[in-house]
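In what follows, a single structure is set out as structure tokens and then discussed.
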Amino acid sequence: MQVGRLVSLCAFLTIHCADASSLYRRQGSYNATNSTTTCQKTSVAILGAGMAGITAAQGLTNNSVTDFLIVEYNSDIGGRVAHTTFGVPNNSYTIELGANWVQGIATPPGPENPIWTLAQLYNLTNTYSNYSSLETFNQDGATDYTGLIDDFDNAYSTVEEQAGYILTQNLQDMSFRSALSLAGWKPGTDMEAQTVEWWEFDFEYGYNPEQSSDLFAIVNYNTTFYQYSDANNYVFDSRGYNFIIKETAATFLQPNDTRLLLDTVVTNISYSDTGVTVYNQDGSCIDADYAICTFSVGVLQSDAITFSPELPYWKQMGIETFTMATYTKIFLQFPPDQVFWNKSYQYFLYADPDQRGYYPVFQSLDGPGFLPGSGIIFVTVTQDQSYQVAAQDDATTQAQVMAVLRSMFGADIPDPIAFMYPRWSLIPWAYGSYSNWPTGTTLEMHQNLRANVGRLYFAGEATSTEYYGFLHGAFFEGQAVAEQIADCITTGTNCSGEVDYPVLHGTTPYSEYDEANGWMVSSFLDYGF
């Protein structure tokens, strides 16, 4: 990615990496001391070793294509599924800095979320997040405004119905804010209502309703929580959430497998209709018949990678019209014998009198079914507030969070004994947390983000039409691209590439909501949970 001084995953996220297995510790095949002008050759170069990249490699293997290279910026696999050890000595725990939930599980006889399948296969430790286990606060302390949640949910039901008309009747999309207002939800300057809205919307999408599509926010929710189930299970496995990605990789990679190039930073991608050449910061290069780019939207928008030739305008528009949310979890540990919150609740909402989304949602990990005795609680912020905390030092952020907690629970609560948070918006291999579908982006525009240019293909959670932002979106997209490329290599079929739209229209006809545009299941599915 960026030329210049590199900062590793471990340094950026304060992750302790020394205990990673040998399978994932192999240094890239080339480095500054042994660079060569002769490019390494392979059938498929997979750029990125997150869920999409590893699933793509598994898909190729399952389709008898084993000549591939996985190129990864960091010294370990997993991408934005990243964890660290947090807490004081003798009372420390594994916490997730990025992806943290299995979202949507299964409701037999309906289908099962593949992430849930992996979680069960590898015995991933997780607990149901009970969003009804909630206590609400404002600047004066505990204040019950949970009744506003019912008001929001009633408006949401109307918005769902309207989104169905927009899709099937080829109507103009609108912002989620407009849809909520038309449904009668107008929080205005009522900061308790604004906090409930943040809890119901921003907490899921990472963006506010003004910046989010009405149609595709509903689609995104329905295709996961109506197709699978309405459950969100919080992962707190001591091995880390990315254990399921590592174990998936172990099904086709051997220890010290030469096909896995860690600590290898891509700077330029040259593509054509006959192949792809990948140039790396250390002077090495890879000649591939095909390449799968799994870089985040944040990276693609940052110009960290140079493309030769320059990406066509329709492709640039597909990249630039999508958005990358930043979702920041700020962790605090208190002396376990001085925990001041009610452990019978999982969540605590805070309505700041002046600013929407100012340290609005706290989640306790010191409670039944999670990490009892840990003394850990964390607060989540998104977007502008995430950018602010990323730009300031830990001491400033800690002081702000503690001021909020003291207005909630009283001035005499103790100071934390441990404190940390990641700065996702500054990490050069991520530049954010996950994608969001903005107002004004049509299905055709999004397909231009998904579509290949020559033999360079794209996959990741952001390219998923219906599951963008979700880990299972990355799973499905990696799998789909791998199968397409494998078909072309092994049988000479499916070689035409993906549909793209050099000329865009204001709306997308219902007939285009099909597999060619990433539309895999009906957004009206409901298996009756």
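Among the residues of the stretch 232-269 satisfying the criterion of being among the polar types (S, T, N, Q) and either open to solvent by less than 40 Å² (accessible area, probe 1.4 Å) or touching a Leu at 6+ places or on another chain (Cβ under 6 Å) (or both), which is farthest from residue 123 (Cα to Cα)?
268
Out of (1) open to solvent by 10 Å² or more (accessible area, probe 1.4 Å); (2) hydroxyl-bearing (Ser, Thr, Tyr); (3) in a helix (DSSP H, G or I), the odd one out for residue 43 is which?
(3)
Of these, 203, 252, which one is among the aromatic types (Phe, Trp, Tyr) and closer than 30 Å to residue 147 by Cβ?
After applying the criteria, what remains is 203.
Give the stretch 291-310 a look and list any residue that's under 22 Å from residue 488 (Cβ atoms) and of a type in the set (Ser, Thr, Tyr), or say none.
294
If we scan the stretch 417-434, do we find a residue that is in contact with a strand residue (DSSP E or B) (Cβ under 7 Å, 6 or more places away or on another chain) and more than 25 Å from residue 78 (Cβ to Cβ)?
Checked against the condition, which is being in contact with a strand residue (DSSP E or B) (Cβ under 7 Å, 6 or more places away or on another chain) and more than 25 Å from residue 78 (Cβ to Cβ), the stretch 417-434 yields at least one hit.
Quickly run through the stretch 414-433 and pick out the residues that are aliphatic (A, V, I, L, M) and either surrounded by fewer than 18 Cβ atoms within 10 Å (Cβ to Cβ) or within 22 Å of residue 469 (Cα to Cα) (or both).
Scanning the stretch 414-433 gives 417, 418, 426, 427, 430.
Check 230, 273 and return the single one that is in contact (Cβ under 8 Å) with a residue 40 or more places away in the chain, among the acidic types (Asp, Glu) and farther than 30 Å from residue 207 by Cβ.
Sole residue among the options that is in contact (Cβ under 8 Å) with a residue 40 or more places away in the chain, among the acidic types (Asp, Glu) and farther than 30 Å from residue 207 by Cβ: 273.
Please go through the stretch 353-382 and pick out each residue that is open to solvent by 20 Å² or more (accessible area, probe 1.4 Å) and either not in a loop (DSSP other than H, G, I, E, B) or not aliphatic (A, V, I, L, M) (or both).
353, 354, 355, 356, 358, 368, 369, 372, 373, listed by residue number.
What number goes with the only condition from (1) open to solvent by 10 Å² or more (accessible area, probe 1.4 Å); (2) more than 20 Å from the chain's Cα centre (by Cα); (3) not charged (D, E, K, R) that residue 480 does not pass?
(2) is the only condition that residue 480 fails.
Which condition does residue 411 not pass, out of (1) farther than 20 Å from residue 203 by Cβ; (2) open to solvent by less than 60 Å² (accessible area, probe 1.4 Å), if it passes all the others?
(2)
Kindly provide the set of residues from the stretch 55-97 that are within 22 Å of residue 386 (Cβ to Cβ) and open to solvent by 20 Å² or more (accessible area, probe 1.4 Å), ordered by number.
Of everything in the stretch 55-97, those that are within 22 Å of residue 386 (Cβ to Cβ) and open to solvent by 20 Å² or more (accessible area, probe 1.4 Å) turn out to be 73, 80, 83.
Residues of the stretch 364-377 being in contact (Cβ under 8 Å) with a residue 40 or more places away in the chain and either under 19 Å from residue 415 (Cα atoms) or more than 26 Å from the chain's Cα centre (by Cα) (or both), which ones?
Within the stretch 364-377, 365, 373, 374, 375, 376, 377 qualify.
If you scan the stretch 213-247, which residues turn out to be over 16 Å from the mean Cα position of the chain (by Cα) and of a type in the set (Ser, Thr, Tyr)?
Hits for the stretch 213-247 are 213, 223, 226, 228, 229, 238.
Going by the conditions given, is residue 335 touching a residue at least 40 places away in the same chain (Cβ under 8 Å) and closer than 28 Å to residue 192 by Cβ?
no
Need the failing condition index for residue 490 against (1) buried (at least 19 other Cβ atoms within 10 Å of the Cβ); (2) part of a helix (DSSP H, G or I), just the number.
Failed condition: (1).
The values are calculated or read from the model by the stated rules, or taken from the named source; none is laboratory data. Quick caveat, the model's predicted, so the values are computed rather than measured. Every residue, glycine as well, gets a Cβ built from its backbone with ideal geometry; the counts of neighbours run over all protein chains shown. Protein only, heavy atoms only, side chains kept; ligands, DNA and RNA dropped before computing areas. Shrake-Rupley method; radii C 1.70, N 1.55, O 1.52, S 1.80 Å.
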